[in-house]
Amino acid sequence: MSTESRYARPIEEPSWSIPGTFDTVFKWEYADGRDALMGLYEKGKNQQWNTNVRIDWSQDLDPENPQELPDESITIFGSDVWNRLTRQEKAAVRRHVQAWQLSQFLHGEQGALMTAAALTHAVPDYQGKLYAATQTMDEARHVEVYAKYIQKVALVYPMGVALKRVIDLTLTANNWVKIAIGMNMIVEGLALASFHNMLQVTPCQLLRKILQGVLRDESRHVAFGSIYVGDAIAAMHADDREDVADFAFTIVELMRRARRRDAEPDPGFMSVLDNSGIDRADFWKSVAELATSGERFQPPRDLVHPFKHLMMPALVRVGAVTERARERYKAAGIPVWEDKQMLERFEE
Ligand SMILES: [Fe+2]
Ligand SMILES: [Fe+2]
């Protein structure tokens, strides 16, 4: 079956290649030690699961609302533009918006697959390599489950520009600590929050099963960052530590900028509007109107904020936010959240 016949709208480019920049390191010392890492590796082995055994893939999705999400979660819900849409047009908006978000989950997981494999090559310790190999297998499974799910939606969009830039910077970083920060702390922090939040709102049984399995794996990936990266940063020369802190800042700032209301719109998301039959100018007008009307979707209480609850506390904990970096965050208007409670809850 060709890609064209399976997906209503094929992705813009069939592949993307990034030239390698990190060193592949062999280690001849196999003695144990690093118990926490070996513990995480052991957990990784014990918690492997088969997607075709645990998940019943026979469920069909509602073509008018595949993820069965409330309309209130759509950005322009409640605006005149939304209220004027026919039932069929609303169904088209839901399908395209959901396909866009799922596509980001799917491509992000492929990014995680590549970075976990890169970590297997680049980390200096044998125990770290064993752990990273289990993460590589986890990420393969995550790509598989989201790819299967999105085939049922029959619609896939390209990777968003900001996510692509972050993965590019991470995979072209010159040392493994940066790769682990870019992926295990920042991108996975975003993924963990998105998956957790999706689980709070979707009643779609198939998606819930997928999210529950993926979330269990992801919590190990976040824990890896804190166990391993903290030691490595503490052992670094001060200049190298600043270099790592600058890298973390660059990525956090890039992601924050992409989420701002006045951010340059993502061309992929613009095509979501076009394919949904929503005029781009109408869309932005509605967003602005809703922002001033004060009528906003009240999300469930226990939603996780990726920067506040996961990314920033994780970066602070490993020492990737130096005093100098704090000044940069301050100047950029990005709070340095330090409360680790939610992060630790996920790791448990
Ligand atoms: Fe993953
Ligand atoms: Fe992961």
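Here are the numbers:
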| read-out | value |
| --- | --- |
| Point-charge dipole on Cβ atoms (K/R +1, D/E -1) for the chain, about Cα centre, debye to 20 | 420 |
| Gyration tensor over alpha-carbon atoms, segment 10-125, equivalent ellipsoid semi-axes in Å | 43, 20, 14 |
| Relative contact order computed over segment 199-348 (Cα-Cα under 8 Å; 6+ residues apart), in percent | 37 |
| Histogram of C-alpha separations across segment 209-267, 5 Å bin width, % | 4, 14, 13, 14, 16, 17, 14, 7, 1, 0 |
| Label-to-label distance, nm, for residues given as residue 43 and residue 288 (7 Å Cα→Cβ offset) | 4.8 |
| Of 65, 38, 135, farthest towards positive along the dipole that unit charges on Lys, Arg, Asp, Glu beta carbons give the chain | 65 |
| HN-Hα J in Hz across segment 86-95 - Karplus 6.51, -1.76, 1.60, θ = phi - 60°, x for Gly and Pro | 6, 4, 5, 5, 4, 4, 5, 4, 4, 5 |
| Pairs of Cα atoms farther than 14 Å apart, segment 159-237, % | 68 |
| Hits among aspartates and glutamates - C-alpha to C-alpha of residue 148 under 15 Å, sequence gap 8 or more where chains match | 56, 60, 109, 139 |
| Distance from segment 108-147 to segment 257-336 (C-alpha centre basis), Å | 27 |
| Gaussian network model of the chain, springs between alpha carbon atoms under 10 Å - residue of 99, 31, 193 with greatest fluctuation | 31 |
| Lysines with Cα under 16 Å of residue 43, excluding same-chain neighbours fewer than 8 positions away | 129 |
| Residue-count net charge about residue 111 - beta-carbon cut-off 14 Å; Lys, Arg +1, Asp, Glu -1 | -4 |
| Karplus-derived 3J(HN,Hα), 6.51/-1.76/1.60, for each residue of segment 262-276, Hz, glycine and proline x | 8, 5, 4, x, 6, x, x, 5, 4, 6, 4, 5, 4, 6, 8 |
| Gain upon complete extension [residue 92, residue 137; 0.36 nm per residue less C-alpha separation] | 12.7 nm |
| Taking segment 75-229 and dividing mean pair separation by its residue count, relative contact order in percent (alpha carbons under 8 Å, at least six apart) | 24 |
| Cα-based equivalent ellipsoid of segment 65-127: semi-axis lengths in Å, sorted from largest, via gyration tensor | 41, 10, 8 |
| Mean shadow area of segment 241-325, taken as a quarter of the surface of its Cα convex hull (nm²) | 8.0 |
| Rel. contact order, % - alpha carbon contacts under 8 angstrom, at least six apart, the chain | 24 |
| Under the Karplus curve 6.51 cos²θ - 1.76 cosθ + 1.60, θ = phi - 60°, whole-Hz ³J(HN,Hα) for segment 302-315, x wherever Gly or Pro sits | 8, 6, 9, 9, x, 7, 6, 8, 10, 5, 5, x, 5, 5 |
| Cross-link reach list, lysines versus residue 285, counting only Cα pairs under 22 Å and skipping chain neighbours closer than eight places | 90 |
| Radius of gyration and maximum dimension Dmax of segment 115-166, Cα, Å | 14.5, 42 |
| Cα-Cα P(r), segment 191-348, percent of pairs per 5 Å interval | 1, 8, 13, 15, 17, 17, 13, 9, 5, 2, 0 |
| Relative compactness, segment 110-222, computed as alpha-carbon Rg over 2.2 N^0.38 Å | 1.09 |
| Cα pair distances of the chain binned at 20 Å [whole percent] | 28, 58, 13, 0 |
| Two-site label geometry, residue 236 and residue 30: point separation in nm, points 7 Å out along Cα→Cβ | 3.2 |
| The chain, accessible surface, carbon-and-sulfur percent (1.4 angstrom probe) | 50 |
| Accessible area of the chain divided out per residue, in Å², using a probe of 1.4 angstrom | 48 |
| Estimated distance in nm for a label pair at residue 212 and residue 345, the labels positioned 7 Å out from Cα along Cα-to-Cβ | 1.9 |
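The values are calculated or read from the model by the stated rules, or taken from the named source; none is laboratory data. Since we're looking at a predicted model, the values are computed, not measured. As a convention, Cβ positions derive from the backbone with ideal geometry for all residues, glycine included, and neighbour counts pool all protein chains shown. When the accessible area is computed, the model is the full protein with side chains, heavy atoms only, and any ligands, DNA or RNA have been set aside. Shrake-Rupley method; radii C 1.70, N 1.55, O 1.52, S 1.80 Å.
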